[in-house]
Amino acid sequence: MKIIDVRLLPYTLRLKYPFRSAHETVTQRQITIVALRAAEGQWGYGELEAFERPNYTPEFQAGARLFLQRFLIPSLKGRTFEQPEEMTTLFSKFQGNQMAKAALETAVWDLFAKQRQTSLAGLLGQKSGLEVRKQFAVGISLGAQKSGEILFQNVKTAVAAGYQRIKIKITTRTEAANCLPIFQQFPQVHFMLDANSAFTYEQAAVIFKNFTGTTLTMLEQPLGVNDFTEHARLQSQLTVPLCLDENIFSIDDVKTAYQLKSCRAINLKLARVGGFTPALALIRFCLEHQLNVWCGGMLESGLGRTANLALASLAPLTFPGDLAPATQLYTNDTLTKSFELENGKLSLPEGNGLGVQLKANILKQLQAQPNLMKD
């Protein structure tokens, strides 16, 4: 396959309600849609999921977009690819910038799947040797709330929608305490808390001992984004499994966490690890070493969420990921047709590649963008 056309479209999503975490409060979400055309004529699509500011990871939208234009896209010129995995090898000469790499790599996988007349999930299953599920349970992530009553109402709405796993963002001791009575009121729900590095070891050791014996399934990233040793110390003192998120940019980070016993679970984010090829390697390592691995989300649009759904369809990822339909978040999603939640489950689209269609106005805007493969 030879890529002859690459276009980038910055796009702003409007949230229906503010989403607050320890990193920031998001009221609108900037993404960049990546479109690639092969010499045979098919188009492949990906989504650049870095946030507007470098609060969650060092990457940010404007910088990652520039990295795509200056380094990654020029590296495609004059090359022919036989397999999508070759993209990871090609990009390995550039350090970091995982989200920029993942955006381009996702579009390449979409193209390869379309050329082979199979779904993206099907191609991932073929490459990994793992079974693909057509329907599977997904979870929802709720932003932090200072009021326990507002949080209760949000949880009640999520339970009514059929979600069997609910993640709650917390930023303070009080917000954590507000979750305890909610766990008792919904004993059938699998809850997890995500602190996004809001606490020190000393704070976390005290706060989360109170959750022993509750229905808390998992505690995500209570400590620093670069910390493995204090997470290991905390994990040794808690019965609830810790999950690492912001620490994990590569399989080497997972190996470090495993060796130090920093956690018992990994939040795998396709964009943060650089795309499908490194994600599949990371899944294999977790399976071999009995680490729970599941698919997280990054407030992506329906396009990016579809790519995550393809990854989450792999049978070993049994823990429901943060993959609620994007239309529950945004007033102006990217797709012509939204996903329908059925008893807390989503079904994979049936078409080739990603299997979804971008809205007509977005396709029109993409066609108006310059072809970055031209000299």
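The values are calculated or read from the model by the stated rules, or taken from the named source; none is laboratory data. Everything numeric here is computed off the predicted structure, so don't read it as measured data. Every residue, glycine among them, receives a Cβ derived from its backbone with ideal geometry; neighbour counts consider all protein chains shown. The area values use the complete protein model at the heavy-atom level, side chains included, leaving out ligands, DNA and RNA. Shrake-Rupley method; radii C 1.70, N 1.55, O 1.52, S 1.80 Å.
Yes or no: T318 outside any loop (DSSP other than H, G, I, E, B) and either farther than 17 Å from I140 by Cα or not acidic (D, E) (or both)? Spell out how you get there, then give the answer.
Numbers: outside any loop (DSSP other than H, G, I, E, B): no; either farther than 17 Å from I140 by Cα or not acidic (D, E) (or both): yes.
Here the answer is no, as T318 does not meet what is asked.
Listed here are the residues, each with its yes/no results for (1) open to solvent by 10 Å² or more (accessible area, probe 1.4 Å); (2) at pLDDT 95 or above; (3) hydrophobic (A, V, I, L, M, F, W, C).
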position	(1), (2), (3)
T212	yes, no, no
L223	no, yes, yes
R233	yes, yes, no
V240	yes, no, yes
I251	yes, yes, yes
P278	yes, yes, no
A281	yes, yes, yes
R284	yes, yes, no
Next item on the list: Could you list all residues from the range 348-359 that are open to solvent by 80 Å² or more (accessible area, probe 1.4 Å) and touching a residue at least 24 places away in the same chain (Cβ under 8 Å)?
Entry: E350
Margin query: Tell me whether the range 288-300 contains one or more residues that are on the phi < 0 side of the Ramachandran plot, aliphatic (A, V, I, L, M), at pLDDT 95 or above and touching a Ser or Thr at 6+ places or on another chain (Cβ under 6 Å).
Written below: no
Next item on the list: For S313, work out the one condition from (1) surrounded by 24 or more Cβ atoms within 10 Å (Cβ to Cβ); (2) modelled with pLDDT under 95 it doesn't fulfil.
Entry: (2)
Notebook entry, point to check: Does any residue of the range 216-232 turn out to be of a type in the set (S, T, N, Q), in contact with a Phe, Trp or Tyr (Cβ under 9 Å, 6 or more places away or on another chain) and either under 20 Å from Q153 (Cβ atoms) or in a helix (DSSP H, G or I) (or both)?
Noted result: no
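Name the single residue that is most open to solvent (accessible area, probe 1.4 Å) among those in the range 128-145 being out of contact with any strand residue (DSSP E or B) (no Cβ under 7 Å at 6 or more places or on another chain) and in contact (Cβ under 8 Å) with a residue 40 or more places away in the chain.
Only one residue fits best here, namely E131.
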Check: List, please: which pairs have Cβ atoms under 7 Å, are six or more places apart or on different chains, and start with a residue in the range 209-237 that is closer than 20 Å to A177 by Cα and touching a residue at least 12 places away in the same chain (Cβ under 8 Å) and end with one that is open to solvent by 40 Å² or more (accessible area, probe 1.4 Å) and among the hydroxyl-bearing types (S, T, Y)?
Finding: T212/T239
Margin query: Tell me whether the range 14-34 contains one or more residues that are open to solvent by less than 20 Å² (accessible area, probe 1.4 Å) and among the aromatic types (F, W, Y).
Written below: yes
Margin query: Among the numbered criteria (1) open to solvent by 10 Å² or more (accessible area, probe 1.4 Å); (2) not in a helix (DSSP H, G or I), which one does G46 miss?
Written below: (1)
Note to self: When you check V254 against the structure, is it touching a Leu at 6+ places or on another chain (Cβ under 8 Å), closer than 29 Å to R305 by Cβ, part of a helix (DSSP H, G or I) and hydrophobic (A, V, I, L, M, F, W, C), yes or no?
What the structure shows: yes
Notebook entry, point to check: Got a sec? Which of G148, G125 is open to solvent by less than 40 Å² (accessible area, probe 1.4 Å) and within 21 Å of G275 (Cα to Cα)?
Noted result: G125
